[in-house]
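Reading through the structure tokens given below for one structure.
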Amino acid sequence: MNFLRLAKRDDLPKKTEWLIRAGAILLSLVFSGLILLLFKLNPIEVFKTIIIGSVGSEMRIHQTIIKSVPLIITSLGVLVAFKMKFWNIGGEGQILMGAFAASYVALFFPEMPRAMALILMIIAAVIGGGIWAFIPAFFKAKMGINETIFTLMMNYVAIKFVTFLQYQAWMDPNAKGFPRIAPFPEWALLPKLFGVHIGYIIAIILVVLVHLFIKYTKKGYEITVVGESIETARYAGMNINKIIVIAMLISGGLCGIAGMIQVSGVEKTLAVGISGGYGFTAIITAWLARLNAISALFVCIVFAMLLQGGAYIQVNLNVPSTVANVVQGTILFFVLGSEFFLQYRLIPAKRILKEGKEAA
Amino acid sequence: MEGRIVAKMVAVEMKSIYKSFGNLLANEDVNLSVKKGEVHAILGENGAGKSTLMNMLSGIYKPDKGEIFLRGERVSFSSPKDSIRHGIGMIHQHFKLIDVMSAKENVIIGQPSDFLLKGKDISKRIKDISDNYGLDVEPDKKVYEMSVGEKQTLEIIKVLYRGAEILIMDEPTAVLTPQEIKKLFRVIRNMKDKGCSIIIITHKLNEVMEISDRITVLRKGTSVNTVETSKAEIPSLIEMMVGKKVDLDIKRETYEGVTPLLAMDQVTVKDAEGKNALDSVSLVISNYEIIGVAGVAKSGQKELCEAIAGLIPIDKGRIFFEGDNIVGKTPRDIIRLGIRMGFIPEDRLGMGLVGNMDIVHNIVLKDYMSQKGIVLKRGPSVTKAAKIVEALDIKTPSIYTQVKKLSGGNIQKVLLGREIDSNPKVLITAYPVRGLDIGASYKIYDLLNEQKKKGVGILFVGEDLDVLMALCDRIAVLCHGKITGVVNPKNVTKEEIGLLMTGSTQVEEEVVS
């Protein structure tokens, strides 16, 4: 390493930044192509099939949208917490608890107008997910307990709790012993617009709201300051514990909404599988979006395409869907790797001496 | 033949050294030659490349270019161990000792030894070294029970035990009281008489003049000159360091109408372990006055500032501000009352500014709270940022530049400027010139004096006794969380303050008139 040096970039022009990103994606395609060749698959065909599988027909576009909605909303939730450097790994659990609370309204409340029912379900979901996030936030604020482990463990509690509901407490007696919860009544289902449940409209509204919240409100500013430097926030007289708790309520509440949309729009009932790993995938997408709500929207759509296209190649090309995972992993590797080159550059040591001298 | 004799007299020779970190050229064509049996001072402002140079001599870094000779022989170190083997010992500013171990254990740690430690032999060797150089340490005392001075002595023994003949000391006096400094200088002279070479890194000119034989001045990464101390004068040294003439007068005006603003009455604060971090502290801050706080590092300075600002719970006592007891008020309420604090931590940014945010958003930090509603209004802060940048002559490409990209002096000006701009009644500043070069430090002193002229009551927590004595109207001395005295700097000597810093003497409680 004596002839090559790392140097921190100071100001990177936006154009170069995008060139580096584009280069990374290109490289990742070439590289995953090579891997596919190793499996004796035609990379061009695989890529083409992934795209066809995700946007090739109206039905597939619908499927891609359906997959992107929970991912977008969960990413927003994760992003609010991450902005504060509060590592909320508990998206899965918060989705499930939000879904549970919404399901309670759908299954046990008397019939009511659909609009009212949906609003009530969203409120219930926000509370459910919020409480699940509040518990670790409370312990973090009061006792400094590590939130990463705490939120992670809360996932398993939620999963087991919903499993218990599905297999015992709420099991549908009419399901002939099949472990499932009774389907929601019609008034508790999300209506469709252009063939897809309106979850995507909710998602877009939330993207805008979260963006405005972080950029233009006092609370959003406080969350950012706490994330950047707790000591500075303390010296500025901020009530840090309160900020942590509020941010986590928002974070968990958003994840809860994702759960509500899954049960009301997709599954039409509560099931253990509804969180579908979105709570974890959202961590990746939130980072890829550099904790920016608007970017998260686009990152999540691309991710959903990969998910949907991956499922499609399994059927269409008769290859395991893990092939799609390989492509996904390779793209991630290169895109995340390019972040490094956005902040540093490699230069030959000899040139540094020269440049330094000129600067001095 | 003569050349070889000269070579033997020279302990260390560094020739045309280059070292860069990323884009930054930390050392550029630096030359240094240290004779056997001499005390050689390396003088330079922060960022002049002193530490980089010494880290190369102690094997922590490798030079990009250039040669190092030891006693005439060319060497190249691949690790600190290598440099220790060649008889070089470095004493870092922040001690590298293990608290829970005894002095003896700290000395032998990492040393090749027999399977069973021969405790007696080691104790004897440590004692020999101590006697030889006039050092004084109990081999079985645990490090956590030691004072700062004792810890430093132990560090010296540690490197001597490893056979060091060339000692590098990084800012050795920074944490010591005047008495401890005297003692250290005696030890240094002893070591010099025994043939050791001592390199001292420092920026304190008085000490350089007192202890060193020769001085090498570094400026912006290059060695400017090497001079004999006996022929050097302070003003010319400063000129070499800074590159221009600097007026070194700190003004101190006295004003009429000094009345108490804030009074701490028997304030006690406990630390995390339940010990008294502040012990019945009574102190008065008055308007038209700068009151200094002196003390060995970690004597309760931070707790003192945080107690006033409402940032830590107060165990006992009261703090009166304009007649009201402010104990129990939230930090936000205290800010609203007009008490502002700027605390410069060691990393400069951590406690008042957000490095990744621009100047405007750092100004917002103290403004947004008084705004109504939930929306963040930046407008007023933009105007304010522009005003502060202009008034304090902050060098920045724009008010939308990230604060962390500014130089240290400008960062500190942003912080101080923000606090001053709110027209505070009481201004608490801790270490406002930490890490600043001479020119920038004097600008900060001027700013504080301007505030004093406006009638602000200023509490100034400082490190440099010379500065405290020149700038402040009164100096409170802290020792282990207690105030051992409040003195008038015109009537005391540095040594007297030093005694108060160690708690060896005490001045009767100051009577508030």
Note to self: I need the trypsin sites (Lys or Arg not before Pro) found in region B:464-498, filtered to DSSP loop residues with at most 11 other beta carbons within 10 Å of theirs.
What the structure shows: B:490
Next item on the list: Multiply the residue separation of residue B:387 and residue B:101 by 0.36 nm, subtract the distance between their alpha-carbon atoms, and state the gained length in nm to one decimal.
Entry: 97.6 nm
Check: Near the amide H of residue B:268, under 5 Å away, which other amide H atoms are found, from residues 5 or more places off or on another chain, if H is placed in the peptide plane?
Finding: B:280, B:281, B:315, B:316, B:317
Check: Dividing the alpha-carbon radius of gyration of region B:7-78 by 2.2 N^0.38 Å (N being the number of residues), what value is obtained?
Finding: 1.07
Checklist line | the protein assembly as shown: C-alpha pair distances exceeding 52 Å, % | finding: 32 percent
Notebook entry, point to check: Using the beta-carbon distance between residue A:12 and residue A:85 and R0 = 22 Å, what value does 1/(1 + (r/R0)^6) give for FRET efficiency, to the nearest 0.05?
Noted result: 0.40
Notebook entry, point to check: Once you treat every alpha carbon in chain A as an equal point and sum by Debye, what is log10 I(q)/I(0) at q = 0.08, 0.12 Å⁻¹?
Noted result: -0.47, -0.97
Next item on the list: Please tell me the relative contact order of region B:1-88 in percent, rounded to the nearest whole number, where contacts are Cα pairs under 8 Å and at least six residues apart.
Entry: 33 percent
Next item on the list: Filter the chymotrypsin sites (Phe, Trp or Tyr not before Pro) in region B:64-148 down to the DSSP loop ones having no more than 12 other Cβ atoms within 10 Å, then list what survives.
Entry: B:115
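Sum up the charges of everything whose Cβ sits under 9 Å from the Cβ of residue B:107, counting Lys and Arg as +1 and Asp and Glu as -1, but leave residue B:107 out. Working shown, then result.
Working: positive: B:104, B:125, B:158, B:162; negative: B:105.
Residues close to residue B:107 contribute a combined charge of +3.
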Note to self: Could you tell me how far the Cα centroid of region B:224-246 sits from the Cα centroid of region A:157-222, in Å?
What the structure shows: 73 Å
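Give me the percent of DSSP beta bridges within region B:364-513 that run antiparallel, rounded to the nearest 5. All intermediate terms of the calculation are to be shown ahead of the outcome.
Details: 5 of 10 bridges.
Around 50 percent of the beta bridges assigned by DSSP in region B:364-513 are antiparallel ones.
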Notebook entry, point to check: When you look at the Cβ of every residue in B:372-383, what mean number of other chain Cβ atoms sits within 10 Å?
Noted result: 2
Check: Counting only DSSP beta bridges with both residues in chain B, what percent are antiparallel, rounded to the nearest 5?
Finding: 55 percent
Note to self: Given points 7 Å out from each Cα along the Cα-Cβ axis, report the residue B:374 to residue A:176 separation in nanometres with one decimal.
What the structure shows: 5.0 nm
Check: Taking the Cα-to-Cβ direction at residue B:142 and at residue B:194 and moving 7 Å from each Cα, how far apart do the two end points lie in nm?
Finding: 2.9 nm
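Among A:132, A:18, A:87, which comes first, second and so on when ranked by fewest other beta-carbon atoms within 10 Å?
Details: A:132 31, A:18 10, A:87 17.
Lowest count first: A:18, A:87, A:132.
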Checklist line | Förster radius 56 Å - calculated FRET efficiency between residue B:225 and residue A:38 (Cβ-Cβ, nearest 0.05) | finding: 0.30
Item checked: Inter-site label distance for residue A:148 and residue A:205 at 7 Å from Cα along Cβ, in nm -> 3.7 nm
Checklist line | Percent RCO, i.e. relative contact order, over chain B, from Cα pairs under 8 Å lying at least 6 residues apart | finding: 15 percent
Note to self: Counting other beta carbons within 10 Å of each residue's own, what order do B:253, A:339 fall into, fewest first?
What the structure shows: B:253, A:339
Next item on the list: Relative to the compact-globule scaling 2.2 N^0.38 Å, provide the ratio for the alpha-carbon radius of gyration of chain B.
Entry: 1.06
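What average number of partner chain Cβ atoms lie no more than 10 Å from the Cβ of the residues making up B:351-357? Could the numbers behind the result be given before it?
Working: counts 8, 5, 5, 9, 3, 4, 6.
Per residue, the number of nearby Cβ atoms from other chains is 6 on average.
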Note to self: Let me check against my output: what whole-number percent is the relative contact order of chain A, with C-alpha pairs under 8 Å and at least 6 apart?
What the structure shows: 36 percent
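What does the highest-first list of B:434-446, A:253-265 look like by mean Cβ count within 10 Å? Provide the component values of the computation, followed by the final result.
Working: B:434-446: 18.2, A:253-265: 31.0.
In decreasing order of mean packing, B:434-446, A:253-265 become A:253-265, B:434-446.
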Next item on the list: Name the residue, out of A:326, A:162, A:78, whose mean-square fluctuation peaks in a Gaussian network model built on chain A with Cα pairs under 10 Å.
Entry: A:326
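Arrange A:232, B:254, B:330 by Cβ neighbour counts within 10 Å, fewest through most, would you? Can you show the working numbers first?
Details: A:232 22, B:254 9, B:330 12.
The most exposed by this proxy come first: B:254, B:330, A:232.
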Note to self: What does the C-alpha gyration tensor say about the overall shape of region B:353-421? Classify as rounded when a/c is under 1.5, otherwise prolate if a/b is larger than b/c, or oblate.
What the structure shows: prolate
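State whether region B:305-451 is rounded, prolate or oblate according to the following rule on the C-alpha gyration tensor (a ≥ b ≥ c being the square roots of its eigenvalues): a/c under 1.5 gives rounded; otherwise a/b larger than b/c gives prolate, and the remaining case gives oblate.
Values: a/c = 1.89, a/b = 1.33, b/c = 1.42.
Oblate.
Counting only other chains, and only Cβ atoms inside 10 Å, what mean value do you get across the residues of A:225-232? Could the numbers behind the result be given before it?
On the way: counts 7, 1, 2, 8, 10, 2, 8, 11.
Shielding by partners across A:225-232 averages 6.
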Check: Per-residue HN-Hα couplings for region A:81-92, Karplus 6.51 cos²θ - 1.76 cosθ + 1.60 at θ = phi - 60°, whole Hz, x for Gly and Pro?
Finding: 5, 5, 4, 8, 6, 9, 7, 7, 9, x, x, 4
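Antiparallel versus total DSSP beta bridges in the protein assembly as shown: what percent is that, nearest 5?
Around 60 percent of the beta bridges assigned by DSSP in the protein assembly as shown are antiparallel ones.
What is the Cα convex hull volume of region A:213-360 when expressed per residue in Å³?
Values: hull volume 29.0 nm³, N = 148.
Given the Cα convex hull of region A:213-360, per-residue volume reads 196 Å³.
Each value in this text was obtained by applying a stated rule to the coordinates, not by laboratory testing. Fair warning: this is a prediction, and the values are worked out from it, not measured in the lab. Cβ atoms come from the backbone with ideal geometry, glycine included; neighbour counts cover every protein chain shown.
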